[in-house]
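Following: one structure in structure tokens, then a few remarks.
The values are calculated or read from the model by the stated rules, or taken from the named source; none is laboratory data. Predicted model only: the values in this text are computed from it and were never measured. Quick reminder, even Gly has a Cβ in these numbers, built from the backbone with ideal geometry, and neighbours come from all protein chains shown.
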Amino acid sequence: MAGSRGTGIATLCQGPPGGAKIGGMANYSVFLSRSAAAAALVAAVVLPAAVPAVAAPAQRGTSVATHAAAVIDGHAPSLHPEGIDYDPLRHRFVVTSLRHGTVSVVDRDGSVRTLVDDPRNISTIGVRVDAARRRVLVAAADPGVGERTSPATQGHTAVVAAYSLDDGHELFRTDLAALLPGENHFANDIAIAGDGTAYVTDSFSPTVYRVDRGGRATVLAHDERLRASAGFGANGIVLSPRGFLIVGKYDDGRIFRVDTKDGSVSEVALDKRLAGKDGFALRPDGSLVVVHNALGAPDGADKVTVLRADCDWTRARVTREVPWPDTAPTAAAVVGGQVRVLSGALDILLGGHGTADTFTIRRLP
């Protein structure tokens, strides 16, 4: 599901496709070492002027996630968050809720406060903070475990809504399912471009939607390769700085590149199968963090993998695999150079074992 905004990727992979390329995976380490050297040079020049800002105390009532504990234990009655992002304006996390359909903010002590409580949202899934416009975008669906679920809405809901980061008031609400009547729908994850355009995956319809800043939506891509044979299809999504989308497919572990101009879809060649692939997060060094679980994938596992790819994402390989200590992780957020992974006890909720009042936000070591 949820992943981080695709900004800050290494310099040689910025700009439109067709620019500087890496000649094969064997040369990628050379590219990264050069990028690291360049970053060190920049830091040496810039850092002295930035020290006072780093040393300045945080505003009252905020928390700096990069200084937070390795594990944040959240507490809220039956919240069951699925998506996570980070609000850099107030230094706090923002999470969704499968059970309540709310959007909440989480401080580093694990305390939770509701920001958005829209009764039309049955379950909130993916979430993205658009700090430049002081808003938060949410994908809403109905997996059948929300307090307001109904036979009419379960498996037929795909909504994207925008709310103010300041007070939670609604900015727009768009029914994505209306664009493709007659299909099942499940709005899942969101990526946001620099101009405010949002891209939303639909896990039950093989679709990626494009939503402009005002909430007007169109179908960007509708491709049968994104449809699941059973369960969830298109899921995690991030936007590359080179202008294309990277979309994961939950059921069979494939990854696709989607062109944001013409909606063309091409499969990324992987060195291994990645079953149960849920949320994505794109790190500043260009690597992709993938959160896995076994919630709907029989051969899935609770783990986090890290992928590296060529600049055009025609092929990628797994460079790291970390078994996850918390059950059913679903999403990750990038905060500075750190990655925080969310586990919302969805195995309990989706497994029909009642509800839980705790969740975990753990730093990727």
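Brief remarks on what is shown
- Condition broken by R134, with the remaining ones in (1) at positive phi; (2) over 20 Å from the mean Cα position of the chain (by Cα) satisfied: (2)
- G276 vs. criteria at pLDDT below 95, touching a helix residue (DSSP H, G or I) at 6+ places or on another chain (Cβ under 9 Å), on the phi > 0 side of the Ramachandran plot and small (G, A, S): no
- Some residue of the range 171-193 being surrounded by fewer than 17 Cβ atoms within 10 Å (Cβ to Cβ), within 20 Å of G126 (Cα to Cα) and at pLDDT below 95: no
- Scope the range 351-365; condition under 20 Å from the mean Cα position of the chain (by Cα) and not hydroxyl-bearing (S, T, Y); matching residues: F359, I361, R362, R363, L364, P365
- Checked against (1) within 18 Å of D251 (Cα to Cα); (2) part of a loop (DSSP other than H, G, I, E, B); (3) β-branched (V, I, T), T153 passes all but a single condition, namely (1).
- For the range 230-252, a residue qualifies if it is free of Cβ contacts under 8 Å to residues at least 40 places away in the same chain and either farther than 18 Å from G126 by Cβ or in contact with a Gly (Cβ under 6 Å, 6 or more places away or on another chain) (or both), and the qualifying residues are A230, K249, D252.
- Residues of the range 80-105 that turn out to be at negative phi and assigned to a loop (DSSP other than H, G, I, E, B), as a count: 12
- Counting only strands (runs of 3 or more DSSP E) that sit completely within the range 305-345, those holding 3 or more residues that are buried (at least 19 other Cβ atoms within 10 Å of the Cβ) correspond to 329-335, 338-343.
- Subset of the range 161-187 (residues that are hydrophobic (A, V, I, L, M, F, W, C), within 20 Å of the chain's Cα centre (by Cα) and in a strand (DSSP E or B)): A161, A162, F186, A187
- Qualifying residue in the range 118-133 (condition: over 19 Å from V200 (Cα atoms) and either buried (at least 20 other Cβ atoms within 10 Å of the Cβ) or of a type in the set (S, T, N, Q) (or both)): no
- For the range 246-301, the strands (runs of 3 or more DSSP E) that sit wholly inside it and include 1 or more residues that are over 18 Å from the mean Cα position of the chain (by Cα) and crowded, with 16+ Cβ neighbours inside 10 Å are 265-267.
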